[in-house]
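Just so it is clear, none of the values below were taken in a lab; they were calculated from the coordinates. It should be emphasised that the depicted structure is a prediction, and the values quoted were computed from it without experimental measurement. All Cβ positions, even for glycine, are placed from backbone atoms using ideal geometry, and neighbour counts span all protein chains on display.
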Amino acid sequence: MSDPYDEDTVRWSERQAMLLRCVASGEPPNEAPDWLNIIEEIESVGRSERSALASRVRTIIEHLAKLEASPAIDPRASWMETVSWARADIEELLEASPSLKATVDKVVARECSRALRLAAVALAAHRETSRVPLEGLRYSSDQVLGPRLPEEPSRKA
């Protein structure tokens, strides 16, 4: 016998929602809700939200670092756009899950080294020499979430 949860998650979730509505209204359901998988799904929502925050923070730090370190001119507009989009995503995420605000400082601190490694890989892939030591860069939550962007490098004549 196959497990409905493993076979079709959408159908399973719709069925479980119907069963939970029955329980909530006091009407006895025809079958017991799949409590173990429901609990797992609820927990996964929180993990997913935390993961989304970390991913957006990592993206912002990586692109801020590339903006500071890369001597390249042409990709800067794209990097700035990526930072803006990721900041907007975080704003939306924090509006939907305000409890995540208390974790932002820790997430920024944790993701900084990962993001800097990604920036270093990107610079190396393009054979660019960093204008500043990447290992010396650090970003605060205000820098990650705020409007600041690093200055553009001087163009060589």
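Computed quantities for the displayed model
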quantity	calculated
Dimensions in Å of the range 1-152 - Rg and Dmax from alpha carbons	21.6, 68
Per-selection Kirkwood Rh - the range 50-120 (Cα, Å, 1 d.p.)	12.4 Å
Cleavage-rule hits (trypsin sites (Lys or Arg not before Pro)) in the range 78-157: DSSP loop, at most 15 neighbouring Cβ within 10 angstrom	127, 131, 138, 148, 155, 156
Rounded to 10°, Cα long-axis angle of helix 76-96 versus longest principal axis of the chain	30 degrees
Relative exposure of 108, 23, judged by other C-beta atoms within 10 Å (fewest first)	23, 108
Global geometry of the range 38-85, whether rounded, prolate or oblate, following the gyration tensor of its Cα atoms and the 1.5 cut on a/c	prolate
Relative contact order, percent, the chain [alpha-carbon distance under 8 Å, six or more residues apart]	28 percent
